[in-house]
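*Asks:* Dropping the structure in here first, questions after.
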Amino acid sequence: MENIIPPFFGKTESDMKIENIGTEIGPNRAGIYGTVKWEDCDRPEQRIYFETDSEFSRALSNTPHSFLVGAILPAMHYGETRVYIDAAACPELIDGLLTVMHWIRNWWYDPTKKLPLIETKIKAELTSPQVSKRAALFFSGGIDSLATLRNNHAYYPANHPQYIRDGLLVYGLEVEDPGAFEIAKKSVDAIARDCQVTLIPAYTNLRMLNADWVFWRRSFQGAVFSAIAHAFSRRLSSASISSSHCICYSPHYGTHPLLDPNFSSSDFQIKHTCYRLSRLEKTKMVADWDVALRNLRVCNKYNLYRPDQLNCGQCEKCLITMMGLIAIGALDSTSAFGKADVSADTLKATMRLNSEVEHYYEELILPLMQKGRKDLAHVIQDKLTQYRNKVGRSKRLRINSVANTVFKSLKHKSFLNSPVFFSKAFKRGYSK
């Protein structure tokens, strides 16, 4: 049964429109495709796709959910009034998308920013028949996804519906070179075969709706992963997005336990997993897994990928992982980085602190000291002290700015009493 969403969501002529959703199957690739037309901002029409290798064509679902999940946050960012899709969508998903937009606005935008309305039909029954119930994870071959897989297989029996049997490896996000993707796929597939997981390649251009990496990091990651997962809802009933952070330190971030589950529908669950574990705890879970250590992939410098080497051993992501392995005495057990040590000089030159990574470094100080690596521990401690002193000064300046704004506004009591004023002043003084 289908119902039209309430009248205040009614169609107008100033919508972002998602049209022409359909499936195409070729000799090598199969995919679902749709057209995104912008109405309120000057952006070109874009044809968005979610593809996979033809052997997995039966996994694809011709669902509007992938396009609705993928388009809603770019529409919000660029100020679209409405998002219109000529298809029936799950009310649970629509409710979740509204929640996500409110979180993102609260974190990153002016509190008066208008959110786009969602124009669609409501579908009461399940949206896609599933060939089989299978759980999947996004499987990059990095520490987070490896720990999620290991944790899942440790806690769930193999006949449980949430036991992970499939891994999604995505082209079009951090890897945009076909040759590099094939190298990564071969390496990650070796890990997948070791634990009897089917690796499913997924290809998409969804990130091009807003290609800005700051937008990706702050707002878009979870939505993109969830949109991809919904595209495979004929085969899958759930997909896990591995947490980048932990409960004790969970900054505002584009994939987050407050965001990702809201991308679920009544017949497809999006999970944000392993956020009870710190980065170092996850590293310990992976350290005795020989195949995973040999094929570990944490580096995004895909232009440097070689068949025998996926990590540059120089970037910050590599160094954080390498120091974690040093802290637990496991770096000499892998050749994944092309070297078996990190020097204090290299760390000092590479380390760039911000609110998203400072806890990765902080938890390494004591374990590194215990391993006799005081040189690395001291660099981290010194850099953290400098960073926090700088942040503290910046916060004090912002707080003073708020106080000055309050005093200057005393003559305008009606504005001072406005909740919008206090919300704006608070964000100016305390935003990250």
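*Asks:* Only one of Ile183, Ile200 is under 19 Å from Ser233 (Cβ atoms), out of contact with any Cys (no Cβ under 6 Å at 6 or more places or on another chain), assigned by TED's automatic domain parsing to the domain that holds Phe50 and modelled with pLDDT of 95 or more. Can you tell me which?
*Replies:* Answer to the check: Ile200.
*Asks:* Checking the conditions here, which among Val420, Val402, Val406 is modelled with pLDDT under 60 and touching a Gly at 6+ places or on another chain (Cβ under 7 Å)? First the steps, then the outcome.
*Replies:* Values: Val420 fails: touching a Gly at 6+ places or on another chain (Cβ under 7 Å); Val406 fails: touching a Gly at 6+ places or on another chain (Cβ under 7 Å).
Of the residues listed, the single one that is modelled with pLDDT under 60 and touching a Gly at 6+ places or on another chain (Cβ under 7 Å) is Val402.
A quick yes/no check of all residues on (1) under 29 Å from Leu93 (Cα atoms); (2) in contact with a Lys or Arg (Cβ under 9 Å, 6 or more places away or on another chain); (3) among the hydroxyl-bearing types (Ser, Thr, Tyr):
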site	(1), (2), (3)
Asp144	yes, yes, no
Pro161	yes, yes, no
Asp166	yes, yes, no
Phe181	no, no, no
Ala211	yes, no, no
Ala223	yes, no, no
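*Asks:* Given the conditions (1) touching a residue at least 40 places away in the same chain (Cβ under 8 Å); (2) outside any loop (DSSP other than H, G, I, E, B); (3) more than 16 Å from Ser140 (Cβ to Cβ); (4) not hydroxyl-bearing (Ser, Thr, Tyr), and given that Gln269 satisfies all but one, which numbered condition is not satisfied?
*Replies:* Among (1) touching a residue at least 40 places away in the same chain (Cβ under 8 Å); (2) outside any loop (DSSP other than H, G, I, E, B); (3) more than 16 Å from Ser140 (Cβ to Cβ); (4) not hydroxyl-bearing (Ser, Thr, Tyr), the lone unmet condition for Gln269 is (1).
*Asks:* State all residues of segment 96-114 that are free of Cβ contacts under 8 Å to residues at least 60 places away in the same chain and either outside the structural domain of Asp15 (by TED's automatic domain parsing) or surrounded by fewer than 21 Cβ atoms within 10 Å (Cβ to Cβ) (or both); if no residue qualifies, say none.
*Replies:* Leu98, His102, Arg105, Asn106, Tyr109, Lys113, Lys114
*Asks:* Could you list, in sequence order, all residues of segment 21-38 that are more than 20 Å from Arg234 (Cβ to Cβ) and more than 27 Å from the chain's Cα centre (by Cα)?
*Replies:* Scanning segment 21-38 gives a single hit, Pro27.
*Asks:* Filter segment 74-87 down to residues that are surrounded by 24 or more Cβ atoms within 10 Å (Cβ to Cβ) and assigned to a helix (DSSP H, G or I), then give me how many there are.
*Replies:* 2
*Asks:* While we're on this one: Could you run through segment 185-198 and say how many residues are in contact (Cβ under 8 Å) with a residue 60 or more places away in the chain, surrounded by fewer than 19 Cβ atoms within 10 Å (Cβ to Cβ) and either in contact with a Phe, Trp or Tyr (Cβ under 9 Å, 6 or more places away or on another chain) or among the acidic types (Asp, Glu) (or both)? Write out each step before concluding.
*Replies:* So the first thing to find is which residues in segment 185-198 are in contact (Cβ under 8 Å) with a residue 60 or more places away in the chain, and the list is 186-188, 190-191, 194.
The next check asks that each one be surrounded by fewer than 19 Cβ atoms within 10 Å (Cβ to Cβ); those that pass are 186, 190, 194.
Checking the rest, the ones that are also either in contact with a Phe, Trp or Tyr (Cβ under 9 Å, 6 or more places away or on another chain) or among the acidic types (Asp, Glu) (or both) come to 194.
The number of residues fulfilling the criteria is 1.
*Asks:* Name the single residue that is surrounded by the fewest Cβ atoms within 10 Å (Cβ to Cβ) among those in segment 13-37 being acidic (Asp, Glu) and more than 20 Å from Val170 (Cβ to Cβ).
*Replies:* For segment 13-37, the residue satisfying everything is Glu13.
*Asks:* Look at Lys383 and say whether it is touching a residue at least 12 places away in the same chain (Cβ under 8 Å) and out of contact with any helix residue (DSSP H, G or I) (no Cβ under 7 Å at 6 or more places or on another chain). Even if it seems obvious, please write down each step before you answer.
*Replies:* Values: touching a residue at least 12 places away in the same chain (Cβ under 8 Å): yes; out of contact with any helix residue (DSSP H, G or I) (no Cβ under 7 Å at 6 or more places or on another chain): yes.
Yes; evaluated as a whole, the condition is true for this residue.
*Asks:* Can you confirm whether segment 90-113 contains a residue that is part of a strand (DSSP E or B), modelled with pLDDT of 95 or more, closer than 23 Å to Asp42 by Cβ and among the β-branched types (Val, Ile, Thr)? Break it down stepwise before answering.
*Replies:* Filtering segment 90-113 down to residues part of a strand (DSSP E or B) leaves none.
Checked segment 90-113: no residue is part of a strand (DSSP E or B), modelled with pLDDT of 95 or more, closer than 23 Å to Asp42 by Cβ and among the β-branched types (Val, Ile, Thr).
The values are calculated or read from the model by the stated rules, or taken from the named source; none is laboratory data. Bear in mind the structure is a predicted one, so any value in this text is a computation, not a measurement. Because the Cβ atoms are built from the backbone with ideal geometry, glycine has one as well, and the counts that use them run over all protein chains shown.
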